[in-house]
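The values are calculated or read from the model by the stated rules, or taken from the named source; none is laboratory data. The structure presented is a predicted model; accordingly, all values stated were derived computationally and were not measured. Every residue, glycine among them, receives a Cβ derived from its backbone with ideal geometry; neighbour counts consider all protein chains shown. Keep in mind that these areas ignore ligands, DNA and RNA; they rest on the heavy atoms of the full protein, side chains included. Shrake-Rupley method; radii C 1.70, N 1.55, O 1.52, S 1.80 Å.
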Amino acid sequence: MVRNTNRHFKFDWITILLFFLLVGFGYLNILSASHTGTDINYFDITQPFGKQLIFIFLTFGLIVLLLAIDAKFYERFSSIIYIVAMLSLVGLFVFGKNVNGATSWYAIGGMTIQPSEFAKMATALAIAKYVSDLNTNIKSFKDQLQIFIILIIPAILVLLQNDTGSTLVYASFFFVLYREGLPKFYLTIGISLIIVSILALKFGAIITSVTGLVFLIAYHFLSKKKLKIFESIFILLAVVSISFGIKFFYQSILQPHQRDRISLWLRLEKDPVKLEKMKQTFAYNLNESEKAISSGGVTGRGFMEGTRTTGKFVPEQHTDYIFSTVGEEWGFLGSSFVVLVFVLLLLRILHLAELQKSQFSRVYGYGVASIIFIHFFINIGMVMGIIPTIGIPLPLFSYGGSGLWAFTILIFIFIKLDSNRINEW
């Protein structure tokens, strides 16, 4: 690839510093959560901390490669990258390895690769490419449909692999599209759908439908902007349909373990015997996680001094529940530090996205921030019991080569695009 020697690049070192802060602190917590004795061989690849250290070393080479590639490459070949990512998801149905009920990995020697992690980056590139196309009008229903198809394909493929957590990530792209001019009513519909679904599950379809009717009547008399009779009828029919439809979806479509987690979160189970059994089965991780976090106090018990962490009370503590290690060993101050670094990273990416001269770079930057945010929000909320237990890692923090490399690619593609903005006219 021929390079223009007159081109200048300035990498954003603040984003890079925040990236390595999270990766480094994450490694320390993986080490604490997965070591099995006082004598530690940091290069013991039979242990998660040994493998993660290798993943981190390989990440340096990956970063050099990402920054060496011409910035225009990512825009020019975004469609091909997306197609390859989708084919890798389809291939799982034939060659995939089942782990904990999800067929989301390729087994390569002694390693496993999770293509759904890389599919998020590919989808962000594809969305950025399509939205920034000169012929695309995001207010046009035809183009909106095309964008939704780009999002739905990976979401469905991942959902069919029984990976609900990764499926939810694709909802984050609505923030991106909203920034680029997607009509507000799509966001209103999405939020309304969530609220009506929760109410229907918690209080029943009939009560939710009646509540919808009362709300419409109150809105008609209290709002200056009156709804037309046909609009009111349509909204009421939609509320009734969703209320009864979500009940059918909950009872007939969801897997038993998914129903139990939602039931436990919304306290739907009335039978105390069944409720206690569900708590022992599905709330064990959460209960142990909350105990670990609360035991840390303000300053924490100290690095590798957490009794619940060293005692392996919290299952999957080095992966989805890594934040509980932070809470126990580093306390409220350490937990606040991690949250602050994530917030700073998100704000920095959004700030840089707004500075882009290219719409492709701006849309991709918002995609990066949205993906990181939804991972961060769901994982922290899950560990603290705010939302149902969903298997989703904490970006750059949780153990796993696929997750680390996928987020590295996601972030450093944007850093490369941002470094090229002084060359764009």
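What the table shows:
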{"item": "Residue that is modelled with the lowest pLDDT, among those in the range 291-323 that are open to solvent by 70 Å² or more (accessible area, probe 1.4 Å) and over 27 Å from the mean Cα position of the chain (by Cα)", "result": "307"}
{"item": "Set 288, 354: member being in a helix (DSSP H, G or I), buried (at least 17 other Cβ atoms within 10 Å of the Cβ) and touching a Lys or Arg at 6+ places or on another chain (Cβ under 9 Å)", "result": "288"}
{"item": "Top-ranked residue of the range 379-399 - restricted to ones that are within 23 Å of residue 56 (Cβ to Cβ) and surrounded by fewer than 20 Cβ atoms within 10 Å (Cβ to Cβ), ranked as modelled with the lowest pLDDT", "result": "391"}
{"item": "Unmet requirement for residue 49, which otherwise passes all of (1) modelled with pLDDT of 90 or more; (2) surrounded by 21 or more Cβ atoms within 10 Å (Cβ to Cβ)", "result": "(1)"}
{"item": "Contacts under 9 angstrom Cβ, first residue in the range 110-124 being aliphatic (A, V, I, L, M), partner in a strand (DSSP E or B) and surrounded by fewer than 24 Cβ atoms within 10 Å (Cβ to Cβ), 6 or more apart", "result": "113/105; 113/106; 113/107"}
{"item": "Residue within the range 225-234 that is in contact (Cβ under 8 Å) with a residue 12 or more places away in the chain and surrounded by 12 or more Cβ atoms within 10 Å (Cβ to Cβ) present", "result": "yes"}
{"item": "Per-region count, the range 55-77, residues within 24 Å of the chain's Cα centre (by Cα), open to solvent by 30 Å² or more (accessible area, probe 1.4 Å) and in contact (Cβ under 8 Å) with a residue 24 or more places away in the chain", "result": "3"}
{"item": "Sole residue being at negative phi, at pLDDT below 85 and either in contact with a strand residue (DSSP E or B) (Cβ under 6 Å, 6 or more places away or on another chain) or not β-branched (Val, Ile, Thr) (or both), chosen from 244, 174, 234", "result": "234"}
{"item": "Residue selected from the range 188-224 under the condition polar (S, T, N, Q) and surrounded by 12 or more Cβ atoms within 10 Å (Cβ to Cβ), by the criterion nearest to residue 178 (Cα to Cα)", "result": "192"}
{"item": "Of the criteria (1) under 17 Å from residue 388 (Cα atoms); (2) modelled with pLDDT under 70, which one residue 273 fails", "result": "(1)"}
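Residue-by-condition table, conditions (1) farther than 23 Å from residue 319 by Cβ; (2) open to solvent by less than 60 Å² (accessible area, probe 1.4 Å):
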residue: 89; (1), (2): no, yes
residue: 99; (1), (2): no, yes
residue: 116; (1), (2): no, yes
residue: 127; (1), (2): yes, yes
residue: 132; (1), (2): yes, yes
residue: 135; (1), (2): yes, no
residue: 138; (1), (2): yes, yes
residue: 148; (1), (2): yes, yes
residue: 168; (1), (2): no, no
